[in-house]
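Shown next, in structure tokens, is the structure this report addresses.
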Amino acid sequence: MKLEAPFVIAIDRTEWQLGKAWVNVLLLSVGYKGVSLPLFWTVLEEKGCSDNAERRGIVQQFIDEFGAGSIEFVTADREFASKEWLTYLVERKISFRLRIKANTLITDKRGQRIHASKMLKTMKKGERARVAEKTPVVEQVGICGGLPRLVRR
């Protein structure tokens, strides 16, 4: 396939039971025309979430092969929103879009602190809102397309 950068990288972890054995896999895929193409994966030794070292490792495999400049942004579920992981991405100037928890407090356009879920209740499908919220790691919290995600630009 002749895919051209920049790439949207999706990172996810899944586990399932194969007979009596649990299989836990951390997977890095590239999004292409609405399909996720798996490129790198690692089988985790334990059940549950991946740790920051495992996440860095799989992203480094991609960077070694394609270069950090080929990444448009990394997307992942809310289990990947640890401060250490986000710091890693920021330090390497890798943009990211991550889901956030519904009870995450954000500041609305009137300056009121509200839960992300409350803002989403009033939004229509496809509507976008951007809230300037600065922290040392996350430069912005964006609510885009009705799905909450952390955005670093």
Residue in segment 4-25 that is surrounded by fewer than 13 Cβ atoms within 10 Å (Cβ to Cβ) and among the hydroxyl-bearing types (Ser, Thr, Tyr) present: yes
From Ala53, Ala102, residue being among the aliphatic types (A, V, I, L, M), assigned to a helix (DSSP H, G or I) and more than 21 Å from Ala5 (Cβ to Cβ): Ala53
Counted residues, segment 56-67 - those being assigned to a loop (DSSP other than H, G, I, E, B) and open to solvent by 30 Å² or more (accessible area, probe 1.4 Å): 0
Residue list for segment 68-80, filter: open to solvent by 40 Å² or more (accessible area, probe 1.4 Å) and either more than 15 Å from Phe7 (Cα to Cα) or modelled with pLDDT under 90 (or both): Asp77, Arg78, Glu79
Qualifying positions in segment 49-73 - over 15 Å from the mean Cα position of the chain (by Cα) and closer than 16 Å to Asn24 by Cβ: Ala53, Gly57
Failed criterion for Thr87 (all others in (1) under 15 Å from Asn52 (Cα atoms); (2) modelled with pLDDT under 80; (3) not hydrophobic (A, V, I, L, M, F, W, C) hold): (2)
Qualifying residue in segment 40-48 (condition: of a type in the set (Gly, Ala, Ser), surrounded by 17 or more Cβ atoms within 10 Å (Cβ to Cβ), touching a residue at least 12 places away in the same chain (Cβ under 8 Å) and part of a loop (DSSP other than H, G, I, E, B)): no
Verdict on Arg78 being of a type outside the set (A, V, I, L, M, F, W, C) and touching a helix residue (DSSP H, G or I) at 6+ places or on another chain (Cβ under 7 Å): no
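One line per residue, one yes/no per condition, for (1) open to solvent by 30 Å² or more (accessible area, probe 1.4 Å); (2) at pLDDT 50 or above; (3) under 22 Å from Leu86 (Cβ atoms):
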site: Gln112; (1), (2), (3): yes, yes, no
site: Leu120; (1), (2), (3): yes, yes, yes
site: Glu127; (1), (2), (3): yes, yes, no
site: Val137; (1), (2), (3): no, no, yes
site: Cys144; (1), (2), (3): no, no, yes
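The values are calculated or read from the model by the stated rules, or taken from the named source; none is laboratory data. Since the structure is predicted, the reported quantities are computational estimates derived from the model, not experimental observations. Glycine also receives a Cβ, built like all others from the backbone with ideal geometry; neighbour counts cover every protein chain displayed. Surface accessibility is based on the protein's heavy atoms, side chains included, excluding ligands, DNA and RNA. Shrake-Rupley method; radii C 1.70, N 1.55, O 1.52, S 1.80 Å.
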